[in-house]
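Shown next, in structure tokens, is the structure this report addresses.
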Amino acid sequence: MEICGDCLRGLRRLRGPLCARCGAPTAWPVERCRECAGRRLAFARARAAVAYEEPARSIVGAWKEGGLRRLSGLAADLVARELARPEVDALAFAPADPDRGLRRGRHPAEELARALGLRWGLPVERLLVRPRTAPPQRGLARAARRRNVAGAYRATGPAPRRVCLVDDVYTTGATVNACASALRRAGARRVEVVTFARAVR
């Protein structure tokens, strides 16, 4: 699969105004939006390059399920073009579910993190593991997503003080928040989140 020029032009960049905390598009700049207000968030802020809608959904589907590894470079180019390089000590990535990772043989979050590490000149560290298998997040309501990943991630050791967590898609924020919580427990003082795409409500 090749990504055509029309598909690339059809990707909606998330350039603002945005919620300062979770990165959701807003009518005007706000510190916390309706999506994240009242939630306990372990990350300092989240940003995504594009909206998770067509054609981004098809691109992510081909990347995750179709084994098109070269899409990680395309995604990294877009992220590096749209988002400022984070002021952090290292990049980490949301680890794959053990069973699904083995079946797919690839992990987009890790591929994206490593591609961004090259572009931003930042080290990529395997700071998290997911020791237990959980049901897929797809199709779950927001509260169910949070319960599904609660305690699902564990740090591999002490974390750097400033970490940027990379994932492919930010849907409700449940996964990245659970990962950020594990990093904070391991010693990270600030966790930022960067994703290729983000669901927009």
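Starting from 0.36 nm per residue, how many nanometres of slack lie between residue 118 and residue 53 once their C-alpha separation is accounted for?
20.7 nm is the gain from fully extending residue 118 to residue 53.
Tell me which residues come under 5 Å, amide H to amide H, from residue 193 once H is placed; ignore anything under 5 positions away on its chain.
Amide H neighbours of residue 193, under 5 Å, 5+ apart: 45, 46, 47, 165.
Under 12 Å from the Cβ of residue 12, count the other residues' Cβ atoms, weight Lys and Arg +1, Asp and Glu -1, and hand me the total.
Net local charge, residue 12 excluded: +2.
Rounded to the nearest 0.05, what FRET efficiency do residue 34 and residue 161 give with R0 = 41 Å and r taken as the Cβ-Cβ distance? Could you check?
0.85
Can you check what the net charge comes to around residue 21, using other residues whose Cβ is under 10 Å from the Cβ of residue 21 (Lys, Arg +1; Asp, Glu -1)?
Numbers: positive: 32, 39, 45; negative: 31, 35.
Net local charge, residue 21 excluded: +1.
Would you kindly state how much longer the chain becomes between residue 44 and residue 82 on full extension, computed as 0.36 nm times their sequence separation minus their alpha carbon distance, in nm to one decimal?
Full extension from residue 44 to residue 82 adds 11.8 nm.
Using Cβ counts within 10 Å as a stand-in for footprinting exposure, how do 89, 6 rank, fewest first? Walk me through the numbers on the way to the answer.
Details: 89 16, 6 8.
Sorted ascending by nearby Cβ count, the order is 6, 89.
Could you give the length gained by full extension between residue 7 and residue 189, i.e. 0.36 nm per residue of separation minus their alpha carbon distance, to one decimal place?
Here the segment from residue 7 to residue 189 would lengthen by 61.7 nm.
Take residue 200, project a point 7 Å from its Cα along the Cβ direction, then tell me which residues of the range 15-52 have their backbone nitrogen under 14 Å from it.
15-19, 23-28, 48-52
Bear in mind that the values in this text are calculations on the coordinates, not laboratory data. The shown structure was predicted, so the numbers you read here are calculated from the model rather than taken from an experiment. All Cβ positions, glycine included, derive from the backbone under ideal geometry; neighbour counts span all protein chains shown.
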